[in-house]
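*Asks:* First the structure, which I've put down as structure tokens, then a few questions once you've had a look.
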Ligand code: ADP
Ligand code: MG
């Protein structure tokens, strides 16, 4: 079973349980509507040896990243993160200064976005450092953006240039130690302000954050909304020093992917640029079914090994 088949199986074994008013599994966050407001909940774990190596990732960067990936899932729902819980499972041999450095990175980002740490758990681990963060967001219920809300005819947009993190990772493999791309890979900044701003826009329909890469993540919106898409890969905004593959298939950018009413495209993009000083880029549109990629009007396919025209 792959990750998504496993999640589907977990869902089947628990779908008979009461929902108690929550919208559960399947989006970036679970949603609890409370009158005109909503709370959203998400959790993400980082595991030593799988997500990071202590030899190559500093504790301060890891503290930043563990929080950033969770704040990104809250931003993807269109509301602001307000609080987090932190669980640390630590091997006996972990040094005290490692944990304190981790907390410096974590607390700096939490302060930047005004997020409270309200609890967690601390245990011993027999299998490397394990970190789990749960984030809670809050905002008006009508601002919540679900993956399932894309409509046929919608335009597809991304909130910033893509591929920076993949380019940074490649540079690290090549032995480089410092660059803007490496910084972006090590300390991604979640789209907290952008997410809340887009949440308030009625013309924005579906939204999610890009954690696995555009090619793979777009499918989640299409599946949840039961629609298709056509995307012009030459219109994907590219970060500096990236290949098309970095922008198309590369993960860990933590930018937002959204769909919106095409009649409001002009005003949405204009006001976004006035607000954030960068482009909200239109990369394609929603169709009835299927997923097709085009490069300068020629249909193309992509696999992780490379890129081929047919
Ligand atoms: P994201 O990349 O946005 O964090 P994931 O791909 O990790 O989302 O998860 C997809 C969906 O499956 C989410 O709604 C998440 O809450 C849910 N999910 C993942 N793992 C589990 C699990 N072990 N039990 C219940 N729900 C899960
Ligand atoms: Mg997500």
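Values quoted throughout were computed directly from the atomic coordinates according to the rules given, and no laboratory measurement underlies them. Since the model is a prediction, treat every value here as computed from it, not as a measurement. Reconstructed Cβ throughout: ideal geometry from the backbone, glycine too, with neighbour counts over all protein chains shown.
*Asks:* Quick one: Cα centre-to-centre distance for segment 57-100 and segment 241-283, in angstrom?
*Replies:* After rounding, the separation between the Cα centres reads 26 Å.
*Asks:* Please order 69, 94 by the number of other Cβ within 10 Å, starting at the fewest.
*Replies:* 94, 69
*Asks:* Could you give the length gained on full extension between residue 99 and residue 34, defined as 0.36 nm per residue of separation minus the Cα-Cα distance, in nm?
*Replies:* Gain in length upon complete extension: 19.7 nm.
*Asks:* Grab the DSSP H runs of the chain that are 4 residues or longer, score each as -39,500 (n - 2.57), total them, divide by all residues and round the 222 nm result to the nearest 500 deg cm²/dmol. Numbers along the way, then the final one.
*Replies:* Numbers: 9 runs with 101 residues, N = 310.
Value at 222 nm, helices only, nearest 500: -10000 deg cm²/dmol.
*Asks:* Between residue 25 and residue 274, what is the spin-label point distance in nm, taking each point 7 Å from the Cα along the Cα→C-beta axis?
*Replies:* For residue 25 paired with residue 274, the spin-label model returns 4.5 nm.
*Asks:* Between residue 8 and residue 235, what length comes free when the chain is fully extended (0.36 nm per residue of separation minus the Cα-Cα distance, one decimal in nm)? Each step should come with its number before you reach the end.
*Replies:* On the way: separation 227, 0.36 × 227 = 81.72 nm, distance 3.32 nm.
Result for the pair: 78.4 nm of gain on full extension.
*Asks:* Arrange the following residues from fewest to most other Cβ atoms within 10 Å of their Cβ: 287, 42. Write down the numbers at each step before the final one.
*Replies:* Working: 287 16, 42 23.
Lowest count first: 287, 42.
*Asks:* In addition: Rounded to the nearest 0.05, what FRET efficiency is calculated for residue 116 and residue 243 with R0 set to 30 Å and r the Cβ-Cβ distance?
*Replies:* Step by step, r from the Cβ atoms, then E = 0.15.
*Asks:* Classify segment 3-143 as rounded, prolate or oblate from the Cα gyration tensor: take a ≥ b ≥ c as the square roots of its eigenvalues, call it rounded if a/c is under 1.5, otherwise prolate when a/b beats b/c and oblate if not.
*Replies:* oblate
*Asks:* Ok, one more. Normalise the Debye intensity by I(0) for the chain, one equal point scatterer per Cα, no solvent, then take log10 at q = 0.08 Å⁻¹ and round to two decimals.
*Replies:* -0.36
*Asks:* Rounded, prolate or oblate for segment 97-189? Axes are the square roots of the Cα gyration tensor eigenvalues, ordered a ≥ b ≥ c, and the cut-off for rounded is a/c under 1.5.
*Replies:* oblate
*Asks:* Also, I was wondering about something else. At a 10 angstrom cut-off on C-beta neighbours, averaged per residue, how do the peptides 118-129, 248-259, 98-109, 18-29 rank from highest to lowest?
*Replies:* Ranking the peptides 118-129, 248-259, 98-109, 18-29 by packing returns 248-259, 98-109, 18-29, 118-129.
*Asks:* With a ≥ b ≥ c the root eigenvalues of the C-alpha gyration tensor of segment 204-274, is it rounded (a/c under 1.5), prolate (a/b larger than b/c) or oblate?
*Replies:* Judged from the Cα gyration tensor, segment 204-274 comes out oblate (a/c at least 1.5, b/c at or above a/b).
*Asks:* Dividing the alpha-carbon Rg of segment 75-232 by 2.2 N^0.38 Å yields what?
*Replies:* Taking N as the residue count of segment 75-232, the ratio is 1.23.
*Asks:* Could you please state, rounded to a whole Å, how far the C-alpha centre of segment 203-223 is from the C-alpha centre of segment 24-42?
*Replies:* The distance from the Cα centre of segment 203-223 to that of segment 24-42 comes to 18 Å.
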